[in-house]
Amino acid sequence: QRQEKEEEEGEEGGEANYPNDNEGNSKQEEKEKKRADDHEEEEEDELSDIDESTDSRPFTYHELIEELKNYKVHSREEEKKAEMEVKNKLDGLEKERHQLKLRESSLMDDLKKSNKSARNQELETIKAKDENAKLRAELEAMKEKFNRMQQETEEAKKTVERQMKEIESLKKEQDSKNTEQSGAAEAEIKQLKDEITRLKQDVAAGTTTAAKIPLPPSTGTIPLPPSMGGVIPPPPSMGGIPPPPSMGGIPAPPGGIGLPPPPGGIGPPPMMMGLPPSIQQQTVKVPYEKKKLDYIKTKTKVLHWAPIKLIDITKTCWNKLSDQEVQFDAKILEQSFAVVKRKKGGGGGGGGSNRSPGGGGAKKKKKEIVTLLDSKRSYNINIALARFKMSHDVIRDALLRMDSETLDEDKLVALAKCKPEAGELDTVTSYDGDVSSLGSVEQFFLKLSEIPQVQFRIDAFLFKIRFEKNVAELQEMVDVLKLATSCVSESKHFKTVLEYILALGNYLNHANKKKGCAYGVRLSSLDKFKGMKSSDQKTNLLEFLVVTLRKFKPEAAEFVEEFKVLPAAAKLDITFLESSVGKTLGMVNRIGKAAKSAKTDGTDRFGPVMQAFYDEAKQKMDDLGSDLKSAIKEMKQTVTFYGEDAKKVASSEFLQYFIGFADSFKRTGDMLDKKKELEDRQKAREEGKKSRSPKSKKRHLGPGAAIAKAGGLDVKALLGKNKNKKDKNKIGFAMKSLRSGDSSKIRAALRRRQKFGTIKFKNRGASGKV
């Protein structure tokens, strides 16, 4: 370091003395020599000191410089290592900081979730408090109502007691009156008896004074005292005090509200309102007695179907069906649908814009042509008339003659789109100028204006041509509706299925008072069989029904084929069908009126042609209307026959119940067949494996083994000599071809010179190689 400083000072001194003369340079050189000598002396002294301190080994200047350089390099490496360690520490701290940030964000999310859950719990508690308050208010209201009902019952009891006392007082008064009347009657009888005996004595003595003695007036038959029972009229009926509504846990008053009838012939009070349906059903005639299912100990799942009320059963098909003779495997049903206690677990646009008829720019109109109508409408009508390839006069004459050969259905459809409106006819006919200067459409409308009621005539003509086709379609719809109605109402196989459905549902619902012991169910309950899973969630009640019917009633499944006509009927809308028939009949009547009022001449044939059409069409429409009414009536009766409300359930919805059940039934049967087929295949495979002899350990080569033997192919040599992967793959291809019995593949492979190695034959040729 000292040497470097001196060199720097020398350089600075040299630079400072550079501008001086040569004398200054010589002096400077002398100074530098002296400094160098002094420096060498100092270095020698230092080296001598070092030699004395370090085993007296001499160090040169260059060695010291090398040591210093090594020390600098070593220090730099340590600095780099220290920098790397610092960097690594900084990276670790940065990662820890990032992890802390993630942890902080997760904690914040958890805190937010906990806050949300706390808020939700607070809201739920508030809602629960509100509900509790409402329930308490309802309970208080019900208590007040119950107390009021108790007071009314007490008042009713008091009124009954008061009336009983009045009745007793009336009885006592009547008894006293009867005793008085009987005493007076006995006294009169005694008087009469005494008079009779006295008169007899006078007659016997001969001194009769009977004429003088006036007989007592005829009292008639003396009324006997009235009987005590039935004389006093019963008190007016109390109107049947209705029982209080169910209080939701509030006990009823002791003894009930029903009071015992007072003595003396007073009849019982009328039937109280609001009796439970179980009491009301006791008055209805039961179709048949059901067996009790109390012996079932297994707790089964509940089939949530919709039973029909017993009052409505008599009008339906269920009245003639019975589930008491249905056979099924009760044990399998209980095992499949038993209630299992679960363990608690953790947890471009629609087309371009319409272009104007004139294209890019409007065409220049000729001066002599006059247009009175809208340009767009005139353009469209001109295009339609160009397809007719007829003159205006020919079209007019065909309409007057009602010529269906000249104007067929397609031309009449186009003509109906081009027919003039009332305002357009008035505009054309009121034109006073030159008619020849008018446009083509205006001249066509002038020709049509010569026909009376041209708009109605075009519609009537088109209706006449389409009538047979339309009536045939409507008649086909009516026939489909009739066929579907008869199929549903007269299917014996489906009624058998319903009996099994009723039996299975009642068996499962044996412990449910509301849904058990049903005599019939709604058709919407048919879909519940598919959705009711078994206890192990592997099957459902519909599969059990299909298996049971295949076992005991296999012919019942034919209802699926019978119901194939129902989808076409379900697509029909009866309202639309009625409106279509009504519109068609209305149009026929309009044509009949127009035909009667039409004037007949040589050119206009509308009257006679349409009158003949009206006579024929009227009869067909009357028959179609009567068929439709009968079909609708039968459909409504069928809807009622199956226990549904014909006013609420449409025919399509009603038929959809049968279609959906038949479809589900068929799919379930097909699935069971496929499952059985797979099981049979698996069983056959297992039996085939067992039938094989365990001694034979040789690999079976299949039908290709015969080919290998016939060709003298040594397979062992082929497999043993080829150890390369590619060769082994090729050998595998050849063996696969041999197993499949296709010798052409291996021959083709050999022709392509694929290296299979040396293939030995038993009967070698000249070369012995292939």
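Test each condition in (1) open to solvent by less than 20 Å² (accessible area, probe 1.4 Å); (2) over 24 Å from residue 676 (Cβ atoms) for residue 519 and report the one that comes out false.
Condition not satisfied by residue 519: (1).
Looking only at helices (runs of 4 or more DSSP H) that fall completely inside the range 433-513, which ones have 3 or more residues that are touching a Leu at 6+ places or on another chain (Cβ under 7 Å) and at pLDDT 90 or above?
So the answer is 454-490, 492-508.
Picking from 482, 538, which residue would you name as being over 30 Å from residue 413 (Cα atoms), over 28 Å from the mean Cα position of the chain (by Cα) and open to solvent by 50 Å² or more (accessible area, probe 1.4 Å)?
The match here is 482.
If you go through the range 421-430 one residue at a time, do you hit one that is open to solvent by less than 50 Å² (accessible area, probe 1.4 Å), farther than 29 Å from residue 614 by Cα, of a type outside the set (Val, Ile, Thr) and in contact with a Ser or Thr (Cβ under 8 Å, 6 or more places away or on another chain)?
no
Hey, among the residues in the range 390-404 that are more than 21 Å from residue 595 (Cβ to Cβ) and either at pLDDT 85 or above or not in a loop (DSSP other than H, G, I, E, B) (or both), which one's least open to solvent (accessible area, probe 1.4 Å)?
395
Taking the condition surrounded by 15 or more Cβ atoms within 10 Å (Cβ to Cβ) and over 58 Å from the mean Cα position of the chain (by Cα), does residue 447 pass? Lay out the reasoning, then the answer.
Numbers: surrounded by 15 or more Cβ atoms within 10 Å (Cβ to Cβ): yes; over 58 Å from the mean Cα position of the chain (by Cα): yes.
The answer is yes for residue 447.
If you check residue 441 against the conditions, is it touching a Ser or Thr at 6+ places or on another chain (Cβ under 7 Å), closer than 23 Å to residue 406 by Cβ and open to solvent by less than 30 Å² (accessible area, probe 1.4 Å)?
yes
The values are calculated or read from the model by the stated rules, or taken from the named source; none is laboratory data. Since we're looking at a predicted model, the values are computed, not measured. When we count neighbours, we look across all protein chains shown, and the Cβ atoms used for this are built from the backbone with ideal geometry, even at glycine. These area figures cover heavy atoms from the full protein model, side chains too; ligands, DNA and RNA do not enter into them. Shrake-Rupley method; radii C 1.70, N 1.55, O 1.52, S 1.80 Å.
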